[in-house]
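In what follows, a single structure is set out as structure tokens and then discussed.
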Amino acid sequence: MPVYDFKCSRCGNKFTVLVPMDEKGKVECPQCRGKEITQLFTGFGIGKGGGSSCDISGSTKRFGGG
Ligand SMILES: [Zn+2]
């Protein structure tokens, strides 16, 4: 089942729901139970965050002077 992102235009709540295609129109806001929701198109393959392998440990260099 595909997941869809929606935004409620009533309370501004953003949520993701897992619904079958033909039930997209029945989705309501889980927060305010509003039906005025907009589907967000986030696209495929969101490469956000995730673990990075090469991470330089921050060695703070202090420049002289006080
Ligand atoms: Zn809402």
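Return the residues of segment 11-27 that are loosely packed, with under 15 Cβ neighbours inside 10 Å and either in a loop (DSSP other than H, G, I, E, B) or within 8 Å of the ligand (Cβ to nearest atom) (or both); say none if nothing qualifies.
Passing the criteria: Cys11, Gly12, Pro20.
Which pairs do you get when a residue that is within 10 Å of Ile37 (Cα to Cα), found in segment 1-25, comes within reach of a residue that is within 9 Å of the ligand (Cβ to nearest atom) and polar (S, T, N, Q), reach meaning Cβ atoms under 7 angstrom, with the pair 6+ apart or on two chains?
Cβ pairs passing all conditions: Cys8/Gln31; Cys11/Gln31; Asn13/Gln31.
Could you grab me the full set of residues in segment 1-27 that are over 17 Å from the mean Cα position of the chain (by Cα) and modelled with pLDDT of 95 or more?
The one that is over 17 Å from the mean Cα position of the chain (by Cα) and modelled with pLDDT of 95 or more: Arg10.
The values are calculated or read from the model by the stated rules, or taken from the named source; none is laboratory data. Just so you know, these numbers come straight off a predicted model, no measurement behind them. Backbone-built Cβ (ideal geometry, glycine too); neighbour counts: all protein chains shown.
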